[in-house]
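Okay, structure first, notes after.
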Amino acid sequence: MSVVEMEKVNIVSLKSHKDAVLKCLKDCELVEMQSIKEVESETISAQELGKYEFDLAEIKSALSFLEEIMQKKKSFIEGFIPPKEEISEDDLINTAKTFNLSAALDQIKGLETRLSNLKNLENELHSELAKLLPWKKLDTPLDTLTPTPHTNLALGSIKNKHFASLKAELDKISPAAIIDTINTTKESTYLLFVFLKEDSKLWLDTLSKWEFIPADLPHSPKTPVAEISHVHDLLAKTKLETDEVLLEAKNLGQELTKLKYMYDFILDKKLTLETQQKLTDTNYAFVISGWIRKRDLDKLKNKLNQVTNEFDVLAVAPAKGETAPVALKNAKIFSPFELITMIYGAPNAKEFDPSVVLSFFFALFFGICLGDFFYGIILSLVSIYFLKKYKLPKGGQELFELLLLGGIVASVVGILTGSYLGFTPADLPSAVLPIKNFLTSIQIIDPIKNPLTMLVFSLALGVIQILFGIILQMIERIRAKQYISAILDDGLWLFFLSSLVYLIVASALSLTSAGVATYMSIGGAAALVLTQGRHKKGIIQKFLSGLLSLYKVSGYMGDTLSYSRLLALGMSSTIIASVINILGGMVRTVPVLGIVLMIVILIVGHFFNILIATLSAFVHSTRLQMVEFFSKFYEGGGKEFRPFKREAEYTRLK
Amino acid sequence: MDLGLALALAGVALAVLLGGMGSAWGVAIAGEAGAGVLTEDPDKFGRLLVMIALPGTQGFYGFLGGFYIMMKIGLLTGAVPISPLAGLGLLFAALPVGMTGLISGIQQGKASAAGIGLIAKRPEEMGKAIIIPAMVETYAVIGLLATILMVSGIVL
């Protein structure tokens, strides 16, 4: 339950050590730097920064071009967890020194341009081909199709349905004209007309009336057939050249890795340059201002000592209104739950870290929602696999640790509710009677047969968490010495709500103490009416506002009902699991293939159900923490502590 | 087959149909938004898939509600006789999960699409983007719950 205590520090050293000190800070990842606002900071050359950004963009585009050529497909998992190559810092720097970036980029860009030119050419040739193909049967060199002194000529196509009408009309105008059908396709007729020049106007008008489309053929001394084969030759050549370029690009595969190194190298340089902006220089010295975890102070001094002894680390008081960034530190078992806190927002300066108090509820709710013994085991195993196999970023690691814990709880819940991959202990054959009896004896409830009991249990969990939330608020106010609101707001509500709960329980079980509970509730309500309006002016306003505050009960009721989702989600994963089993059983009767089909259905079905159930369980358990629980005592809005460190996209230093 | 059974089956059909329709619609809305983002950044596929799948649960809830009624009337194991009134009751009991599934599926799709916009610009805020559409889903869960409680309360 702890927010780490932070200390604001100024680190002072000589300018000559600047690079070394910065590198040291970057490597130890202990300090979050701040720019010192009042002092004019060192102006860094915008030009240099721009150059880095330009280079980064160039490399990125070259990389995406190469990866596309090499058809490097990222697997689904890699989409979430981009693989990073391990490399020692010396290797990285050596590569960066020996690598000729501009030459490589030029080469890749050259290939990219050539490739796109070839693509364009290919498209052009194809459209040329499409124009020529219908005229294949026209056995005349194309450049001989020109007007003579007395005749004009037109080449083109019209729709088949218009052909007859057009021909009739043209016959009327000049029967002597030539109408030659070159080709007929499903839709269009391709025609060659020769007509007298004196008829030209009338002729052309008639043609356009029937939607004649003039052909757009090249002016060439060859016949269409010869022209077509020429285009085919060109296409083949283009293809050959394209293959050549692709091969050349594939041979650049080695550059791919080096380019990635270069990217990270330049990214690092850019980061360092930007950080220098935050420094303050004097003639000979410089000052770094920042935040550090208080307990890391000595560690930082030790680290800096390894670089130089001409430095000083001074703890300074934060400026007025300045709040420290927030870092959380919890015992190993609780640290994954920091993820939930951080998704909502880091605690602000006055609050404590809610990770520990939400951890029990979250794990329990997650377990109830997933609610199956084998699903829990499978989820835990998968999580362990991911934790071992991949080097995950902090958030990812916390996520899988959460799933691991949630899976364990789910398997326990599965035992208690008698859910084993959708089967109940009652489904076991009598051959294993001892196991069957044992499993039945440790099962305490069957939610499908007794949904009401399970519903009451879910709501009871809700009541507990909500009351707990109010208690936490009370503790927080007491710590802040706001005794009056701790007692009058939280205390009274706590009293009123718990007596209401008691009243409900007592009347449901027809206990004799129901009467007492009634008086307690009425007393609580009266106290609330009398106190909740205390900030208002005037006795009437105070009273009305107090009365209105009772309306908050409906809010608490809604919050409690929201926990009914625990039952619904738990049942949904179990019932869908049993449906999958039933479907599997049904196809088993299919001759020959039955057993195979059954296995496929079972594997695919359960896999799918685990995915969906895990997603729902995570989302809804999170929501219950954030909406129903946090709303009682937690605001968030703190700034997360982000220490200065190396940033890289493709590599990880050894 | 008697009238009671037919009415109960109408209930099963409604629950499955309406929930499935809501989900199909919602997933399509989210999917369109997601595909748009993918044109810019195909690497976000995994993250977006989660967002697109979010409105998909209503279909399951509908199916679940329908299945619960099927179990109640013993459709798969050997039908028990159902009075017409009990059948009508089962039909009504199917409505909460069906209707909330239909509407919330569509609306959750819209909220998911908005969340996809959030991920497109700030991928690190995925946690928040998931939580917002989940708010919509609450009401489908409550619909499912009402259906289950109603069905288990009906005396055949």
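The values are calculated or read from the model by the stated rules, or taken from the named source; none is laboratory data. Just so it is clear, the model here is predicted, and its values are computed rather than measured. Positions of Cβ are backbone-derived with ideal geometry, glycine not excepted, and every protein chain shown enters the neighbour counts.
Here is how the numbers come out for the structure above:
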{"quantity": "Residue within region A:537-558 that is under 23 Å from B:SER152 (Cβ atoms) and within 14 Å of another protein chain (Cβ to nearest Cβ) present", "calculated": "yes"}
{"quantity": "Selection from region B:76-99 of residues that are free of Cβ contacts under 8 Å to residues at least 60 places away in the same chain and either part of a loop (DSSP other than H, G, I, E, B) or among the small types (Gly, Ala, Ser) (or both)", "calculated": "B:LEU76, B:THR77, B:GLY78"}
{"quantity": "Residues located in region A:539-583, provided they are crowded, with 18+ Cβ neighbours inside 10 Å, under 23 Å from A:PHE629 (Cβ atoms) and hydroxyl-bearing (Ser, Thr, Tyr)", "calculated": "A:SER549, A:TYR556, A:THR560, A:SER562, A:TYR563, A:SER564, A:SER572, A:SER573"}
{"quantity": "Filter result (surrounded by fewer than 18 Cβ atoms within 10 Å (Cβ to Cβ) and under 17 Å from A:GLU32 (Cα atoms)) within region A:326-348", "calculated": "A:LYS329"}
{"quantity": "Flag for B:THR39 being facing chain A (nearest Cβ under 10 Å) and among the polar types (S, T, N, Q)", "calculated": "no"}
{"quantity": "Unique match (being at positive phi, of a type outside the set (Gly, Ala, Ser) and modelled with pLDDT of 90 or more) among A:LEU421, A:LEU472, A:LEU461", "calculated": "A:LEU421"}
{"quantity": "Boolean, A:GLU244 is under 22 Å from A:PRO147 (Cβ atoms) and modelled with pLDDT of 85 or more", "calculated": "no"}
{"quantity": "Residue that is part of a helix (DSSP H, G or I) and more than 14 Å from B:VAL12 (Cβ to Cβ), where the choices are B:LEU64, B:LEU118", "calculated": "B:LEU118"}
{"quantity": "Criterion violated by A:VAL587 - all others in (1) at pLDDT below 90; (2) more than 30 Å from A:ASP446 (Cα to Cα); (3) not aromatic (Phe, Trp, Tyr) satisfied", "calculated": "(2)"}
{"quantity": "Selected residue [within 14 Å of chain B (Cβ to nearest Cβ), under 30 Å from A:LYS278 (Cα atoms) and either exposed (fewer than 15 other Cβ atoms within 10 Å of the Cβ) or charged (D, E, K, R) (or both)] from A:LYS51, A:LYS60, A:LYS97", "calculated": "A:LYS60"}
{"quantity": "Index of the failed condition, A:LEU370 passing every other in (1) under 14 Å from A:ASN609 (Cβ atoms); (2) out of contact with any helix residue (DSSP H, G or I) (no Cβ under 6 Å at 6 or more places or on another chain); (3) not acidic (Asp, Glu)", "calculated": "(2)"}
{"quantity": "Residue list for region A:451-475, restricted to those being away from chain B (no Cβ under 14 Å), more than 35 Å from the chain's Cα centre (by Cα) and in contact (Cβ under 8 Å) with a residue 12 or more places away in the chain", "calculated": "A:ILE471, A:MET474"}
{"quantity": "Count of residues meeting criterion [farther than 20 Å from A:ASP143 by Cβ, of a type in the set (Asp, Glu) and surrounded by fewer than 17 Cβ atoms within 10 Å (Cβ to Cβ)] in region A:197-251", "calculated": "7"}
{"quantity": "Search result, residues across region A:158-183 that are under 60 Å from the mean Cα position of the chain (by Cα), charged (D, E, K, R) and assigned to a strand (DSSP E or B)", "calculated": "A:LYS159"}
{"quantity": "The one condition in (1) in contact with a Lys or Arg (Cβ under 7 Å, 6 or more places away or on another chain); (2) within 14 Å of another protein chain (Cβ to nearest Cβ) that A:ILE448 fails to fulfil", "calculated": "(1)"}
{"quantity": "Failed item in (1) buried (at least 19 other Cβ atoms within 10 Å of the Cβ); (2) more than 11 Å from chain B (Cβ to nearest Cβ), with A:VAL600 passing the rest", "calculated": "(1)"}
{"quantity": "Selection status of A:LEU235, within 60 Å of the chain's Cα centre (by Cα), under 30 Å from A:LYS84 (Cβ atoms) and not acidic (Asp, Glu)", "calculated": "no"}
{"quantity": "Residue count for region A:612-635, restricted to those that are away from every other protein chain (no Cβ under 12 Å) and either more than 18 Å from B:MET135 (Cα to Cα) or surrounded by fewer than 22 Cβ atoms within 10 Å (Cβ to Cβ) (or both)", "calculated": "5"}
{"quantity": "Count - residues of region B:1-53 that are among the small types (Gly, Ala, Ser) and buried (at least 20 other Cβ atoms within 10 Å of the Cβ)", "calculated": "13"}
{"quantity": "Test for A:ASN609: is it more than 10 Å from chain B (Cβ to nearest Cβ), in a helix (DSSP H, G or I) and within 23 Å of A:VAL413 (Cα to Cα)", "calculated": "no"}
{"quantity": "Breaking point among (1) touching a Phe, Trp or Tyr at 6+ places or on another chain (Cβ under 7 Å); (2) closer than 18 Å to A:GLU338 by Cβ; (3) of a type outside the set (Val, Ile, Thr); (4) crowded, with 18+ Cβ neighbours inside 10 Å, for A:LEU405", "calculated": "(1)"}
{"quantity": "Subset of region A:271-293 [of a type in the set (Lys, Arg) and modelled with pLDDT of 90 or more]", "calculated": "A:ARG293"}
{"quantity": "Pairs with Cβ under 6 Å, 6+ apart, first in region B:127-156 and closer than 30 Å to B:GLY46 by Cβ, second of a type in the set (Phe, Trp, Tyr) and assigned to a helix (DSSP H, G or I)", "calculated": "B:ALA140/B:TYR61; B:LEU144/B:TYR61"}
{"quantity": "Count of region A:378-426 residues which are in contact with a Pro (Cβ under 6 Å, 6 or more places away or on another chain) and not polar (S, T, N, Q)", "calculated": "4"}
{"quantity": "Qualifying helices (runs of 4 or more DSSP H) (wholly inside region A:535-602; at least 2 residues being small (Gly, Ala, Ser) and free of Cβ contacts under 8 Å to residues at least 12 places away in the same chain)", "calculated": "A:552-562"}
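Every residue, every condition in (1) more than 9 Å from chain A (Cβ to nearest Cβ); (2) over 24 Å from B:LEU7 (Cβ atoms), yes or no:
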{"residue": "B:GLY56", "(1), (2)": "no, yes"}
{"residue": "B:GLY65", "(1), (2)": "yes, no"}
{"residue": "B:LEU85", "(1), (2)": "yes, no"}
{"residue": "B:ALA93", "(1), (2)": "yes, no"}
{"residue": "B:ILE103", "(1), (2)": "yes, no"}
{"residue": "B:ILE116", "(1), (2)": "yes, yes"}
{"residue": "B:ILE119", "(1), (2)": "yes, yes"}
{"residue": "B:ALA146", "(1), (2)": "yes, no"}
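So that you can scan it fast, the table gives a plain yes or no per residue for (1) in contact with a strand residue (DSSP E or B) (Cβ under 8 Å, 6 or more places away or on another chain); (2) of a type in the set (D, E, K, R); (3) closer than 30 Å to A:LEU297 by Cα; (4) at pLDDT 85 or above:
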residue: A:MET1; (1), (2), (3), (4): no, no, yes, no
residue: A:GLU32; (1), (2), (3), (4): yes, yes, yes, yes
residue: A:ALA46; (1), (2), (3), (4): no, no, no, no
residue: A:LEU63; (1), (2), (3), (4): no, no, no, yes
residue: A:LYS74; (1), (2), (3), (4): no, yes, no, no
residue: A:ILE81; (1), (2), (3), (4): no, no, no, no
